[in-house]
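Data first, discussion second: the structure below is written as structure tokens.
The values are calculated or read from the model by the stated rules, or taken from the named source; none is laboratory data. Since the structure is predicted, the reported quantities are computational estimates derived from the model, not experimental observations. Positions of Cβ are backbone-derived with ideal geometry, glycine not excepted, and every protein chain shown enters the neighbour counts.
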Amino acid sequence: GENVEQHPSTLSVQEGDSAVIKCTYSDSASNYFPWYKQELGKRPQLIIDIRSNVGEKKDQRIAVTLNKTAKHFSLHITETQPEDSAVYFCAASRSGGSYIPTFGRGTSLIVHP
Amino acid sequence: GAGVSQSPSNKVTEKGKDVELRCDPISGHTALYWYRQSLGQGLEFLIYFQGNSAPDKSGLPSDRFSAERTGGSVSTLTIQRTQQEDSAVYLCASSLAISSSYEQYFGPGTRLTVT
């Protein structure tokens, strides 16, 4: 089955700095990679996703890159703000049939004002 | 529109008792998932329902755990003879799970405490 590794487990940055979270996956057939943000005491919510037919996707201050050859993908947050503080989860899955994403263990991002 | 709802929001039970947790998915979502999240930990997959197909129970940690989904909508997760290690937040999610949208919509969770 799929195995997703996520690093770092904790990331502390100053407001305005950039933050990068990295994930690797094992199943070369995986082709859909979502990122979820979970604020303290709240439910996870999708913030961005990428499919295997593109190498990069941006949405304002958030971007995700995918390297299929190396089987890794990363979340980039620029100009971080205190409200970006949360736990971020990456996931990998195959589309079609049973859609059961495999999640990474999460990265706790702390943005200091 | 209405999102995924779960009840109860909090449940405190004594070791050895049975508990039932309920999930109401978004209307029209054919896929439904249960996850367990221990304090400060990741999302542990428990079970997956998709339409009328047999559920994928590969994540259930023991035979004390079971789940059903009636009429393709509401789901109930049952934990029998609860143990202290069952204490966690139980999250439900639903999804259209089609090529145009795999986004999972999570409920607020049920915080289970076994004393």
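Of the residues contained in the stretch A:8-20, none is found to be in a strand (DSSP E or B) and at pLDDT below 95. Inside the stretch A:58-113, residues that are part of a loop (DSSP other than H, G, I, E, B), within 14 Å of chain B (Cβ to nearest Cβ) and hydrophobic (A, V, I, L, M, F, W, C) make up a count of 1. In the stretch B:71-115, of all residues being within 15 Å of B:His29 (Cβ to Cβ) and β-branched (Val, Ile, Thr), the one that is nearest to the other protein chains (Cβ to nearest Cβ) corresponds to B:Ile98.
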